[in-house]
Amino acid sequence: MLPLNDPVLTVLLCLLAYLTGSVLFAIPVCRLWKLPDPRAQGSGNPGATNVYRTGGWPPALATLVLDALKGWFPVWLAIWAELSVFAQAMVALCAVTGHMVPLFYRFQGGKGVATALGGGLALAPVTTLVISAIWGMMMWRWRISALASVVAIGCGPLVSAVLEPETLPLFGLLALLIVVRHRNNLIRLAQGRESRF
């Protein structure tokens, strides 16, 4: 463990996670690929799905991986430092919160799904892989990213309660945050206006 007591290290890693989460990789990725700003296209969400709509799979995959890594890395640091599962979960939540309300972009961010994926893979890999499989099945059936994300993360608390119960509070909060962030998508879905892949 690093030579810092747990509360100080937890606060430092939470701050690091929030700042790392505040980097919206969709924006530099689109600049690199010479694509329009994702915040001004489609749903206006700076995430992999919206990047895919304007640039296809390569920039979307790059966005997904980078957004996931910014969730995975600070949680991995917390695990390496042997912090408690509760502290690790706090770090993961801070990373997701950073993506949703980023300091560097006037607190206007994305949905947090990819960042939650990265944090979840570090902290609760079995639960996260099951949730990812649910997402994949929903996408295969309906081709609607928002629907797949909401259903998958909505199953998160139940899956974690069965497989990795110590992470249930994390997946409960993630489900709440991500479903709320998808509220406009859910309204469009109810109206039959949500975009398909």
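The values are calculated or read from the model by the stated rules, or taken from the named source; none is laboratory data. Everything quoted here is computed from the prediction, not taken from an experiment. Cβ sites come from the backbone with ideal geometry, for glycine too, and all protein chains shown count toward neighbours.
Below, the figures for the structure above:
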| quantity | calculated |
| --- | --- |
| Residue count for region 161-185, restricted to those that are closer than 16 Å to residue 50 by Cα and not charged (D, E, K, R) | 3 |
| Residue among 65, 51, 23 that alone is under 13 Å from the mean Cα position of the chain (by Cα) and assigned to a helix (DSSP H, G or I) | 65 |
| Any hit, region 133-156, residues being closer than 16 Å to residue 89 by Cα and in contact (Cβ under 8 Å) with a residue 12 or more places away in the chain | yes |
| Only listed residue being farther than 19 Å from residue 16 by Cα, at pLDDT below 95, within 17 Å of the chain's Cα centre (by Cα) and assigned to a helix (DSSP H, G or I), chosen from 133, 152, 146 | 146 |
| Single condition residue 65 does not satisfy, out of (1) modelled with pLDDT under 95; (2) surrounded by fewer than 18 Cβ atoms within 10 Å (Cβ to Cβ) | (1) |
| Looking only at region 29-47, and only at residues there that are under 20 Å from residue 196 (Cα atoms), out of contact with any Phe, Trp or Tyr (no Cβ under 9 Å at 6 or more places or on another chain) and not in a loop (DSSP other than H, G, I, E, B), the one that is modelled with the lowest pLDDT | 40 |
| Matching residues, region 91-134, being in contact with a Cys (Cβ under 9 Å, 6 or more places away or on another chain) and over 29 Å from residue 7 (Cα atoms) | 130, 131, 134 |
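Condition check ((1) in contact with a Ser or Thr (Cβ under 6 Å, 6 or more places away or on another chain); (2) assigned to a helix (DSSP H, G or I); (3) without any contact (Cβ under 8 Å) to a residue 24 or more places away in the chain) across all residues:
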residue	(1), (2), (3)
93	no, yes, no
96	yes, yes, no
107	no, no, yes
116	no, yes, no
174	no, yes, no
177	no, yes, no
